[in-house]
Amino acid sequence: GPLGWTRQLDEPVEDGHAWTTTNGSATFGMHYERAEGADCWTVVQEVSYTSTWTYCRGIGLTRFEMIDLAGGTIRATLR
């Protein structure tokens, strides 16, 4: 698999912010949502498959869904 780190959050933390990986292979977009009384940001990896990570202020990572090229899916939710 790929080596090194992938940036999953970027600044500024605001709705509509986007960034590209250092090698240009993927673009990430940031979208605001209010969930369960918390300010949350969902980051969407915009490639041929979709993976998402949701971070909530004061909590951190609360949910993610990663989908691979074959359609396999890994999901986790903090409850």
Residue hits (the range 60-78; farther than 18 Å from Cys40 by Cβ, part of a strand (DSSP E or B) and open to solvent by 80 Å² or more (accessible area, probe 1.4 Å)) are Ile74
Among residues of the range 46-59 being in a strand (DSSP E or B) and open to solvent by 30 Å² or more (accessible area, probe 1.4 Å), the residue farthest from Thr20 (Cα to Cα) is Tyr55
Sole miss for Gly29 among (1) in a strand (DSSP E or B); (2) over 15 Å from Glu14 (Cα atoms) is condition (2)
Selection from the range 1-21 of residues at pLDDT below 70 and either surrounded by fewer than 10 Cβ atoms within 10 Å (Cβ to Cβ) or not in a loop (DSSP other than H, G, I, E, B) (or both) yields Gly1, Pro2, Leu3, Gly4, Trp5
request  = Would you mind stating whether Ala38 is over 13 Å from Gln8 (Cβ atoms), more than 15 Å from the chain's Cα centre (by Cα), open to solvent by 80 Å² or more (accessible area, probe 1.4 Å) and without any contact (Cβ under 8 Å) to a residue 60 or more places away in the chain?
outcome  = no
Looking across the range 41-55 at residues that are within 16 Å of Asp68 (Cα to Cα), of a type in the set (Ser, Thr, Tyr) and within 10 Å of the chain's Cα centre (by Cα), the single one that is modelled with the lowest pLDDT is Thr50
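The values are calculated or read from the model by the stated rules, or taken from the named source; none is laboratory data. Please read these numbers as outputs of a predicted model, since none were measured by experiment. Virtual Cβ from ideal backbone geometry, glycine too; neighbours counted across all protein chains shown. The area values use the complete protein model at the heavy-atom level, side chains included, leaving out ligands, DNA and RNA. Shrake-Rupley method; radii C 1.70, N 1.55, O 1.52, S 1.80 Å.
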